[in-house]
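Heads up, the thing below is written out as structure tokens.
The values are calculated or read from the model by the stated rules, or taken from the named source; none is laboratory data. Here the structure is a predicted model, which means the values were calculated and not measured. Cβ coordinates were reconstructed from backbone atoms using ideal geometry, including for glycine residues, and neighbour counts include every protein chain displayed. Protein only, heavy atoms only, side chains kept; ligands, DNA and RNA dropped before computing areas. Shrake-Rupley method; radii C 1.70, N 1.55, O 1.52, S 1.80 Å.
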Amino acid sequence: MTNKILSKHIGKFAVGSGLIAASIYALMTSVTLAHIEAVSGQVPFDMRPSGYGPNEAVALLDTLGVDGRGYYITRQIALDTIYPAMLALTMVAAIYWLGQRTPNRTLVRFGIAFSVVGGLFDYVENLGIVAMIWSWPEVSVPLVCAASSATIIKSVSTTLAVMLVLLMGLNWIRLSKADLHP
């Protein structure tokens, strides 16, 4: 019975959580991350999918200054504590929903795994950023490498999850058209 209820409402949940995640993302990119970039003249850690090195991290933290580093924690990281969970929930729900018509359950499992890994490493990235800010000006190379690695893993996993959702969505459309024209 639970699966039947879940199957019936999972699409609505995917859309609802997706709207929340998209709203938070829009707020971050147009306000908090834009402010960090305007203050520092550099791309924030969150927006560097290929990572960053120790010199780049030090340069960003230095140009942010005390107020900018405080803003990063109190505004950007505050929003980014909600976003990873909402995005992961959206992706998992969308994959589960679209996967109902996908005969290959392996894609569903991989999609869910990529979604969860992306969300978890977004949180690891956030912890790394907070640790770098708190340890300023004594930022350790291993800390920067760990935070940067988390950023890369988050980016790759999230990209793979989004690609699977798109592929599954295209498959859904293809199967729907085939049902209409036997």
### Message
List the residue pairs whose Cβ atoms are under 7 Å apart, where the first residue sits in segment 22-40 and is within 13 Å of ILE77 (Cα to Cα) and touching a residue at least 12 places away in the same chain (Cβ under 8 Å), the second is open to solvent by 50 Å² or more (accessible area, probe 1.4 Å) and part of a helix (DSSP H, G or I), and the two are 6 or more positions apart or on different chains.
### Response
THR32/ARG75; LEU33/MET47
### Task
Could you please find all residues in segment 62-75 being open to solvent by 30 Å² or more (accessible area, probe 1.4 Å), more than 23 Å from the chain's Cα centre (by Cα) and not hydroxyl-bearing (Ser, Thr, Tyr)?
ASP62, VAL66, ASP67
## Note on the structure
Scanning segment 20-35 for residues that are out of contact with any Leu (no Cβ under 7 Å at 6 or more places or on another chain) and open to solvent by less than 60 Å² (accessible area, probe 1.4 Å) gives ALA22, ALA26, THR29, LEU33, ALA34
### Message
Filter segment 113-126 down to the residues that are open to solvent by 20 Å² or more (accessible area, probe 1.4 Å) and either charged (D, E, K, R) or over 13 Å from the mean Cα position of the chain (by Cα) (or both) and list them by number.
### Response
ALA113
#### Entry: Matching option when the condition is more than 21 Å from the chain's Cα centre (by Cα), within 23 Å of ALA150 (Cβ to Cβ) and open to solvent by 30 Å² or more (accessible area, probe 1.4 Å), among ALA78, ALA38, ALA59
ALA59
### Message
For segment 96-112, give me the residue count where each residue is more than 14 Å from VAL162 (Cβ to Cβ), in a helix (DSSP H, G or I) and open to solvent by 20 Å² or more (accessible area, probe 1.4 Å).
### Response
5
### Answer from ALA93, ALA85 - the residue that is of a type outside the set (Val, Ile, Thr), open to solvent by 30 Å² or more (accessible area, probe 1.4 Å) and either without any contact (Cβ under 8 Å) to a residue 24 or more places away in the chain or touching a Phe, Trp or Tyr at 6+ places or on another chain (Cβ under 9 Å) (or both)
ALA85
### Task
Scan VAL162, VAL156, VAL130, VAL124 and give me the residue that is assigned to a helix (DSSP H, G or I) and farther than 30 Å from LEU107 by Cβ.
VAL130
